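Reviewing the structure listed below.
Laboratory data are not the source of any read-out in this text; all were calculated from the coordinates shown. Computed from a prediction, not measured in an experiment: that's the story for all the values here. Here the Cβ positions follow ideal geometry from the backbone for every residue, glycine too, while neighbour counts run over all protein chains shown.
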Amino acid sequence: MKFIELPKPLILASQSPRRAQLLRHIGFEVDVIPANIDETADSSAFPEKLAVDLARQKAQAVADQIKNGFVVGADTLVVLSREILGKPRDATEAREMLHFLSGNTHEVFTGFAIISRPENLSVTGWERTAVTFRELEDWEINRYIEIDHPFDKAGAYGIQDTSALFVESIHGCYYNVVGFPLTKFYVSLKSLLIRLEQ
């Protein structure tokens, strides 16, 4: 039995298997249509604004292709000392990012956007979580990269994989760090459903 019934399909504008898995985890059937947009980060923007803007662009790119459905876009950023860490291009860059995060508290921002087609009503939101890493040894970083290949993950780690061993504490939504703030998304989706009924 589903927790909430939707009147039309839920479409995820992302190729992230983690986001699709999280949405299915709370009972949604999810269709996936990846959005092809330029995800280059503007380091001068506030991270929450940038995450929401990128999420909205992803959702809109897919919404323009469909006639009916709820299109969901999302983007996750890892930030330390005002520096935005995107997805590492290779093992060398992943190693640099993890050394940077080692022994420090960073912030994870996820922005999301939901666009309802054909009405073109939308809602956006974002979540912030603080994550503290313990001091990491070089061999641990190298072994993690060898095992989990974190090249599709902002900040070069995924808290749901072996890098859970790096995390000393988190303050805020765990699922936000995985890549999608489920509670805030659900509340926003409910608000959109109410608007559609009016």
**Study point:** Packing-based order for 167-180, 66-79, 21-34, using average beta carbon neighbours within 10 Å, highest first
**Key:** 66-79, 167-180, 21-34
Exercise for review: Could you state, as a whole-number percent, how many of the C-alpha pairs of region 129-195 are farther apart than 15 Å?
Suggested key: 59 percent
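Output the peptides 5-11, 82-88, 155-161 sorted from most to least packed, where packing is the average of other Cβ atoms within 10 Å over each peptide's residues.
Details: 5-11: 14.3, 82-88: 17.0, 155-161: 22.0.
By packing density, highest mean first, the sequence is 155-161, 82-88, 5-11.
Could you grab the relative contact order for region 45-197? Cα pairs under 8 Å, six or more apart, rounded to a whole percent.
Numbers: 305 pairs, mean separation 40.1, N = 153.
Rounded, it is 26 percent for region 45-197.
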Study note, to complete from the structure: Computed ³J(HN,Hα) along region 132-145: with the Karplus parameters 6.51/-1.76/1.60, θ = phi - 60°, integer Hz and x for glycine or proline, the list is 10, 9, 6, 5, 9, 8, 4, 5, 5, 4, 4, 5, 4, 4
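Between residue 170 and residue 82, 0.36 nm times their residue separation minus their Cα-Cα distance comes to what?
Taking 0.36 nm per residue and subtracting the Cα distance, the gain is 29.8 nm.
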Check your understanding: Based on the Cβ-Cβ distance from residue 130 to residue 36, what FRET efficiency comes out when R0 is 25 Å, to the nearest 0.05?
Key -> 0.20
Review point. Using alpha carbons only, how many degrees (0 to 90, rounded to 10) separate the axis of helix 91-101 from the longest principal axis of the chain?
Key: 90 degrees
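Figure the gain on full extension for residue 160 and residue 137 (residue separation times 0.36 nm, minus the Cα-Cα span) and round it to one decimal in nm. Could the numbers behind the result be given before it?
Details: separation 23, 0.36 × 23 = 8.28 nm, distance 1.99 nm.
Gain on extension, residue 160 to residue 137, equals 6.3 nm.
Can you give the % of DSSP beta bridges in the chain that are antiparallel, to the nearest 5? Intermediate values should be presented prior to the final figure.
Details: 30 of 36 bridges.
Antiparallel bridges: around 85 percent, rounded to the nearest 5.
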